[in-house]
Structures are given as structure tokens and as C-alpha cells.
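In what follows, a structure is listed as C-alpha cells, so that the remarks can point back to it.
The values are calculated or read from the model by the stated rules, or taken from the named source; none is laboratory data. Keep in mind that what you see is a predicted model, and the values were worked out from it rather than measured. Every residue, glycine as well, gets a Cβ built from its backbone with ideal geometry; the counts of neighbours run over all protein chains shown. These area figures cover heavy atoms from the full protein model, side chains too; ligands, DNA and RNA do not enter into them. Shrake-Rupley method; radii C 1.70, N 1.55, O 1.52, S 1.80 Å.
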Amino acid sequence: QIQLVESGGGLVQPGGSLRLSCAASGNRFSLYDMSWYRQAPGKQREWVATNTHDDQATYAASAKGRFTISKDNAKNTVYLQMDNLKPEDTAVYYCHARPSWTYNNFWGRGTQVTVSS
């Protein structure tokens, strides 16, 4: 079982920045594929970005060029740097982990991001 705890959400004005963090349990973090998802009110959860165990980063079209996912294996933490935020980025952001040797999925409880003036 992998425990995931997100932090860093909050209220920010359009054009602003936030950095989300997700701390993971376990001693094999470097072998996890880590992702961020988000869910806006009334919408389905959608994928935002992934950083694989071999450090390949991929992004949804909505995130490309504005968001950066990164991992610190020494801290068991994955980050999502979000720049030039827009009101449509308002959502609960969830951290997701999948150990590279399984198809098991683990989710955090989410952190709220609100982009509003």
C-alpha cells in the first residue's frame, strides 16, 4: 500500500503560479510512475501530467508549456509547478502512483486549486 499526501493548493490570481507537492510512502519511490490528475466541479477526473520511473515527462495538451512535473527521489516527492494559471485550471488536483512492476493504482486525497481574481 502506498500513501500519498498532496499539499500546496490554494487561491491564486489568473497568471499566477503554484507548486503542488505529493509525498509518497514506501522505499521504492524511484520505481514508481507518478502522475497528477485534476477534477473540476461537474466534470470527470482528467490526467494532467506523468513522470515515469525512468524520468520521462508527458503532459496533457492543457498543461503543456505551463506546467512542469518533477520528482525528488531522495524526498519521495513529486511536484507540479503550475505557471500562468487560468480560471479553467480550477480543480481538485490528485496525486497518483503506479509502481512500475504492477498495475495497481494509488491515489491521494487531493488538494484544491482555485484560480480567480
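Summary of computed values
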{"quantity": "Residue among Ile69, Ile2 that is β-branched (Val, Ile, Thr) and in contact with a Pro (Cβ under 9 Å, 6 or more places away or on another chain)", "calculated": "Ile2"}
{"quantity": "Test result for Ser116, touching a strand residue (DSSP E or B) at 6+ places or on another chain (Cβ under 9 Å), of a type in the set (Ser, Thr, Tyr), modelled with pLDDT of 95 or more and loosely packed, with under 14 Cβ neighbours inside 10 Å", "calculated": "yes"}
{"quantity": "Hits in segment 3-22 - residues which are within 14 Å of Tyr94 (Cα to Cα), open to solvent by less than 50 Å² (accessible area, probe 1.4 Å) and among the hydrophobic types (A, V, I, L, M, F, W, C)", "calculated": "Leu4, Leu20, Cys22"}
{"quantity": "Looking only at segment 50-61, and only at residues there that are open to solvent by less than 60 Å² (accessible area, probe 1.4 Å) and among the small types (Gly, Ala, Ser), the one that is nearest to Lys86 (Cα to Cα)", "calculated": "Ala60"}
{"quantity": "Top-ranked residue of segment 71-94 - restricted to ones that are open to solvent by 20 Å² or more (accessible area, probe 1.4 Å) and hydrophobic (A, V, I, L, M, F, W, C), ranked as modelled with the highest pLDDT", "calculated": "Val92"}
{"quantity": "All strands (runs of 3 or more DSSP E) inside segment 4-117 with 3 or more residues being touching a residue at least 12 places away in the same chain (Cβ under 8 Å)", "calculated": "4-7, 10-12, 18-24, 32-39, 46-51, 67-72, 77-82, 91-99, 111-115"}
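Per-residue answers, yes or no, for (1) open to solvent by 30 Å² or more (accessible area, probe 1.4 Å); (2) hydrophobic (A, V, I, L, M, F, W, C); (3) touching a strand residue (DSSP E or B) at 6+ places or on another chain (Cβ under 6 Å):
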{"residue": "Asp33", "(1), (2), (3)": "no, no, yes"}
{"residue": "Pro41", "(1), (2), (3)": "yes, no, no"}
{"residue": "Arg45", "(1), (2), (3)": "yes, no, yes"}
{"residue": "Val48", "(1), (2), (3)": "no, yes, yes"}
{"residue": "Ala63", "(1), (2), (3)": "no, yes, yes"}
{"residue": "Ile69", "(1), (2), (3)": "no, yes, yes"}
{"residue": "Ala97", "(1), (2), (3)": "no, yes, yes"}
{"residue": "Trp107", "(1), (2), (3)": "yes, yes, yes"}
{"residue": "Gln112", "(1), (2), (3)": "yes, no, yes"}
